[in-house]
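Only one structure is covered here, and it is reproduced in the block below.
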Amino acid sequence: MNINDAARKMAMAIKQSDEYKNYKIKHDNAFKSSESKKMIVDYRNKMTSMQKKYYDGAQIDESAVKRIKELENILMSNKTTKEFFEAEAKVTELINSAYNVIYNDVYIK
């Protein structure tokens, strides 16, 4: 069996899961509003930038951390965006669980 074919089957199984179906609904709801979409994208961009600086060993500006936390608080106080992030976390857990099964089965101890 081709590994990529197996991975595509796994992706299809994930897309058929209740977690993914709920995530898709919550994603669509959150991204209907251009304001919510802008805040989510802005939050992710700021988080990615801060993580890159951290991994590069650069100094993290406390004011940048504060702005990200403020944006996170705004996103989490909004029911639609909060539900989106919660649903996304559940799909991420599902994918990580599949990764762990694969890793544990192929890792040479």
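Would you call residue 87 under 30 Å from residue 4 (Cα atoms) and touching a helix residue (DSSP H, G or I) at 6+ places or on another chain (Cβ under 6 Å)?
Criteria met by residue 87.
Can you find a residue that is at pLDDT 95 or above, assigned to a helix (DSSP H, G or I) and of a type in the set (Asp, Glu) anywhere in region 54-64?
no
Within region 93-106, is even one residue of a type outside the set (D, E, K, R), loosely packed, with under 15 Cβ neighbours inside 10 Å and within 20 Å of residue 30 (Cα to Cα)?
Within region 93-106, none of the residues are of a type outside the set (D, E, K, R), loosely packed, with under 15 Cβ neighbours inside 10 Å and within 20 Å of residue 30 (Cα to Cα).
With respect to residue 29, determine if the residue is surrounded by 13 or more Cβ atoms within 10 Å (Cβ to Cβ), more than 15 Å from the chain's Cα centre (by Cα) and modelled with pLDDT of 95 or more. Spell out the reasoning first.
Details: surrounded by 13 or more Cβ atoms within 10 Å (Cβ to Cβ): yes; more than 15 Å from the chain's Cα centre (by Cα): yes; modelled with pLDDT of 95 or more: yes.
Criteria met by residue 29.
Scanning for something in contact with an Asp or Glu (Cβ under 8 Å, 6 or more places away or on another chain), farther than 30 Å from residue 8 by Cβ and not hydrophobic (A, V, I, L, M, F, W, C), does region 36-53 turn up at least one residue?
There is at least one residue in region 36-53 that is in contact with an Asp or Glu (Cβ under 8 Å, 6 or more places away or on another chain), farther than 30 Å from residue 8 by Cβ and not hydrophobic (A, V, I, L, M, F, W, C).
Of the conditions (1) part of a helix (DSSP H, G or I); (2) hydrophobic (A, V, I, L, M, F, W, C); (3) over 23 Å from residue 16 (Cα atoms); (4) over 14 Å from the mean Cα position of the chain (by Cα), residue 98 fails just one. Which one is it?
(3)
Scan region 18-43 and report the pairs whose first residue is basic (Lys, Arg) and whose second residue is modelled with pLDDT of 95 or more, with Cβ atoms within less than 7 Å and a gap of 6+ or a chain change.
26/83; 26/84; 26/87; 37/31
Among the candidates 12, 39, single out the residue that is of a type in the set (A, V, I, L, M, F, W, C), surrounded by 12 or more Cβ atoms within 10 Å (Cβ to Cβ) and assigned to a helix (DSSP H, G or I).
Details: 12 fails: surrounded by 12 or more Cβ atoms within 10 Å (Cβ to Cβ).
Result of the check over 12, 39: 39.
Checking the structure you have, find out if any residue of region 52-72 is closer than 25 Å to residue 98 by Cα and either without any contact (Cβ under 8 Å) to a residue 24 or more places away in the chain or out of contact with any Lys or Arg (no Cβ under 9 Å at 6 or more places or on another chain) (or both).
Initially, region 52-72 is screened for residues closer than 25 Å to residue 98 by Cα, giving none.
No - not one qualifying residue is present in region 52-72.
The values are calculated or read from the model by the stated rules, or taken from the named source; none is laboratory data. From a predicted model like this one, the values you see are computed outputs, not experimental measurements. Here the Cβ is made from the backbone with ideal geometry for all residues, glycine too, and neighbour counts use every protein chain on show.
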